[in-house]
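Each remark here refers to the structure printed beneath this line.
FYI, it's all coordinate maths here, none of it is from the lab. As the structure is a computational prediction, the values presented were derived from the model and not from experiment. Don't worry about glycine lacking a Cβ; one is built from the backbone with ideal geometry, like all the others, and counts go over all protein chains shown.
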Amino acid sequence: MAMSTVLSVRNLTKHYGSTGGVSDISFEVDAGEIVGLLGPNGAGKTTTVECILGLRSPDSGQIRVNGIDARTDPDGVRRITGALLQSTALQDTMSPRDAVRLFGSFYSPAPDVAQNLARFGILPQADVPFQHLSGGQRQRLALALAFLHNPGLVILDEPSAGLDPAARRDLLDCIVAEKKRNRAILLCTHHIDEAARICDRVIILDSGRLVAQGTPNSLISRSPDTVSIQLRTSSDPDAGDLKSIPGITDIKQANDSFILSSNLPNQSIQGIGILMEKTGNCITELHLQGANLEDAFMELTSKASSPDPAHPSNPEPKDPE
Amino acid sequence: MIKGLWRHFLLTLRLNFRSGRAIVYGYIMPILFLVGFGTVFRTGEPRLLYEIGQIFTITILGSACLGMPTALVAERDKGVWRRYQLLPVPINALLSGVLLVRVILAGTAVCLQIVLAHWIYGTPVPSSPFPFALAFTVVVFAFMGVGLILTSLAKDVPSVQALGQCVFLPMILIGGVGVPLYALPDWCRQIASFMPGRYAVELLQSAYQKSTMSSFAVYPALILILMGVAAYIAGLRLLDWEQSRPKGRRIRSALWIALALASWIGAGITTLRLDRISPLQLANHPSFLSIDQASIESITYDGLPDDHGIYTPLAPPLNTDQRMTHRMREFAPRLRQWDPGLKGDTGQRVRNLISVAAIADITQDNSEAIIARQIYDFLQASFDKKDLTHALAWIALSPDNGSVVSAAPELGLKGEAHPDIIRERSAWYARKFLGRILGHIPDPPP
């Protein structure tokens with residue numbers, strides 16, 4: 001294990017009866033990086049996280065956090081790991097100050113309560129009962145509890161679930177700020193844009209298998225060279241004419257515009273211009289968008305779901321960057 | 001870690017007092033139960049002394065089998081315990097803190113009841129707190145084990161409340177907790193032998209009333225410890241702090257529940273085999289023969305209730321008209337043939353006969369004073385004076401020894417009385433009779 005590697009997961013397998021769980025997953029998370037764990041529902045993200053945190057016992061494989069074996073010393077791992085899990089809460093009448101003081105008292109040295117509340121912007125609500133905190137304030141408190149003891153590894157499972165865009169942006173800013181303190185952060189999320197924005201690397205799980213891992217750009221580059229063209233015109237063009245344009249592979253109509261997929265964007269743009277001129281139509285709006293992480297995710301997870309025996313479970317080693 | 005556990009304990013205690021619902025269930029309801037019992041059970045003297053074990057048992061049962069499981073399941077469903085699992089401390093250490101808080105809450109509720117019972121009804125407080133504290137600890141331990149099982153079985157708050165009521169209500173109604181055991185029919189007493197409630201009542205009642213370690217009710221304490229240990233083993237094995245429960249747990253759950261229930265069944269069978277289904281049976285009675293002259297002379301006759309008063313009335317020597325009322329005409333021959341008055345040693349026979357006067361007094365029979373006089377006359381006619389003197393002194397000095405009769409329908413007495421009250425009244429009658437026999441109390445001429 002390299003010196004900077006904080007979390008190392010090797011050949012992790014955990015099954016629940018005949019279905020669900022994860023199979024033979026391996027990845028690492030280094031200090032000072034945010035790694036996104038992406039996957040559709042039931043992909044095995046939560047199982048992976050729970051195995052790392054010792055909430056579930058793996059069937060096989062090895063999990064080490066800073067060299068500590070999570071299977072033999074789960075308390076040791078928890079001592080140096082912070083976590084924000086889905087579906088966790090505090091007692092209705094517990095205030096953020098109570099919570100930070102309580103959780104902090106299990107670590108040595110005990111962290112400063114006010115400082116930690118201020119760090120995540122909940123000092124003004126320090127004495128407000130949990131039941132009266134907003135969703136964003138609750139998540140900030142959860143984040144404060146996760147980072148309370150300055151852990152080397154922090155695992156965040158859907159930290160922005162249920163938050164409005166502004167609260168979500170604030171939360172992501174907090175996470176990025178913590179990364180700069182040289183922490184290793186494993187972020188499980190459904191929001192691909194969130195992962196694209198803050199993750200240094202992304203791991204994609206599907207049906208309990210690791211289907212890809214790498215930087216967002218490296219994963220995007222693996223998706224087909226398709227460009228999406230959003231076209232709005234003064235009058236509706238004939239769909240057959242659009243399909244005859246070179247490079248166009250797919251056409252979708254959305255409200256008053258067309259979404260065209262093209263694998264030859266230069267020729268397609270040229271063809272659109274010629275068609276407009278020929279039919280006396282006029283372009284009122286034209287947007288081009290290259291492949292993004294969402295496309296890569298959809299491509300990778302749909303491939304993994306298809307019955308392809310040659311498809312590898314751990315197809316790509318960690319991108320060295 | 002110790003600092004963290006201590007802080008968790010203190011915070012759990014403090015959070016409880018921030019919750020209005022916890023205050024209502026933890027303190028207001030026990031007070032209402034106390035007042036309810038005080039309203040229903042008005043005849044005991046001192047008031048509520050003989051029901052105090054039932055009142056405490058309801059308080060502890062409510063806290064351990066309704067309050068605690070509901071709070072734990074609600075916290076589990078919210079994910080509080082899922083979050084606690086991420087702390088670098090064994091989860092059972094945190095659970096122990098919660099249990100300890102519950103012990104304190106139940107203990108303070110019981111203390112509040114003791115103070116209020118003393119203040120409102122004049123119920124005496126235990127002369128020595130240690131046996132009662134020990135009994136309380138044993139009862140809380142057993143019931144909290146049951147509470148842990150309920151917590152582990154329930155999938156959500158409504159189901160834990162339903163499960164709690166399934167335990168609570170049968171114990172209240174036919175388990176000797178709400179309705180006293182002596183007032184239940186035999187089949188109920190037999191069923192009650194399989195439930196922890198009746199043992200809790202017996203243990204708490206005995207420890208509260210007698211307040212000495214030598215008279216500590218060992219049998220019910222052992223039964224409760226057995227039930228508690230089985231419940232803790234099963235409960236801790238079954239507890240799962242995740243909101244969603246994986247499949248395949250049902251069979252495992254059933255096996256552990258069977259273990260816990262086996263302790264209940266074992267207790268019931270043992271109790272039935274030992275013929276201990278009646279409450280407060282005491283062992284190792286000293287014989288009336290152990291009463292010596294000095295003991296007899298130590299008995300005083302001050303402060304006895306007035307013969308014409310509410311308690312232990314005693315009619316003056318009867319004239320022929322009184323004896324020849326229809327009821328008394330039937331009573332005398334029945335008394336002569338009454339089995340409990342014929343069987344056993346002199347001391348027990350005298351105690352059984354005096355019980356009849358006590359029953360008539362407690363049930364406020366129309367002829368209570370005349371029946372007491374009939375019993376007195378019958379005792380004098382049936383026993384040697386020396387034996388009778390010793391037997392009466394034994395009853396006066398050792399009211400808890402021997403056994404008492406709590407009902408005598410064959411003598412035409414309606415109703416049934418609490419054995420403890422019968423013992424108390426019997427002791428008073430014994431002093432009244434003894435005082436007359438020895439000439440310390442003048443008996444007016446007919």
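Please enumerate, by chain and number, the aspartates and glutamates with C-alpha under 19 Å from the C-alpha of A:Lys278, excluding those fewer than 8 residues away in the same chain.
Those aspartates and glutamates meeting the cut-off are A:Asp236, A:Asp238, A:Asp241.
Report D for the protein assembly as shown in µm² per second (integer): Stokes-Einstein, Kirkwood Rh on Cα pairs, 10 °C, 1.306 mPa s.
Details: Rh = 32.2 Å.
After rounding, the answer is 49 µm²/s.
Tell me which trypsin sites (Lys or Arg not before Pro) from region A:146-195 have a DSSP coil assignment and no more than 12 other beta carbons within 10 Å of their own. Mind showing how you got there, number by number?
Values: sites: A:Arg168, A:Arg169, A:Lys179, A:Lys180, A:Arg181, A:Arg183; in loops: A:Lys180, A:Arg181, A:Arg183.
Of the trypsin sites (Lys or Arg not before Pro), the ones in loops of region A:146-195 whose Cβ has at most 12 other Cβ atoms within 10 Å are A:Lys180, A:Arg181.
Helix-only mean residue ellipticity at 222 nm, the protein assembly as shown, DSSP H runs n ≥ 4 weighted -39,500 (n - 2.57), per residue, nearest 500. What is it? Let's see the in-between values first.
Details: 31 runs with 388 residues, N = 767.
Rounded to the nearest 500, it is -16000 deg cm²/dmol.
On a C-alpha basis, how far is the centre of region B:167-217 from the centre of region A:3-75 in Å? Whole number, if you could?
53 Å
Relative to the longest principal Cα axis of chain B, at what angle does helix B:68-78 sit, 0 to 90 degrees, rounded to 10?
10 degrees
Would you mind calculating the relative contact order of chain B from Cα pairs under 8 angstrom and at least 6 residues apart, reporting the percent as a whole number?
Numbers: 618 pairs, mean separation 67.6, N = 446.
Normalised by residue count, the contact order of chain B is 15 percent.
Given the pairs A:Lys45/B:Lys3; B:Lys386/B:Lys414; B:Lys343/B:Lys385; A:Lys180/B:Lys78; A:Lys14/B:Lys155, which are separated by over 30 angstrom at their Cα positions? Mind dumping the intermediate values first?
Details: A:Lys45/B:Lys3 34 Å; B:Lys386/B:Lys414 33 Å; B:Lys343/B:Lys385 19 Å; A:Lys180/B:Lys78 32 Å; A:Lys14/B:Lys155 24 Å.
As for pairs spanning more than 30 Å Cα to Cα, those are A:Lys45/B:Lys3; B:Lys386/B:Lys414; A:Lys180/B:Lys78.
Please name whichever of B:Ile395, B:Ile299, B:Thr325 sits farthest to the positive end of the charge dipole of the protein assembly as shown, dipole taken about the Cα centre and charges placed at Cβ: Lys and Arg +1, Asp and Glu -1.
Of the options given, the answer is B:Ile299.
Apply the membrane-span-like helix rule to chain A: whole DSSP H runs, Cα extent along the own long axis of at least 20 Å, mean Kyte-Doolittle hydropathy at least -1.0. List the helices found.
Counting only whole DSSP H runs, the qualifying helices are A:165-179, A:265-279.
Take the alpha carbon atoms of region A:254-271, find their center, do the same for region B:1-72, and report the distance between the two centers in whole angstrom.
Distance between centres, Cα-based: 73 Å.
Within a 10 angstrom radius of each residue's Cβ in B:71-83, how many Cβ atoms of other chains show up on average? Whole number is fine.
Working: counts 1, 0, 0, 2, 4, 0, 2, 7, 6, 7, 1, 7, 12.
Averaged over the peptide's residues, the number is 4.
Highest mean first, how do A:87-94, B:92-99 rank when packing is the count of other Cβ atoms within 10 Å averaged over residues? Each step should come with its number before you reach the end.
Values: A:87-94: 19.9, B:92-99: 17.1.
Final packing ranking: A:87-94, B:92-99.
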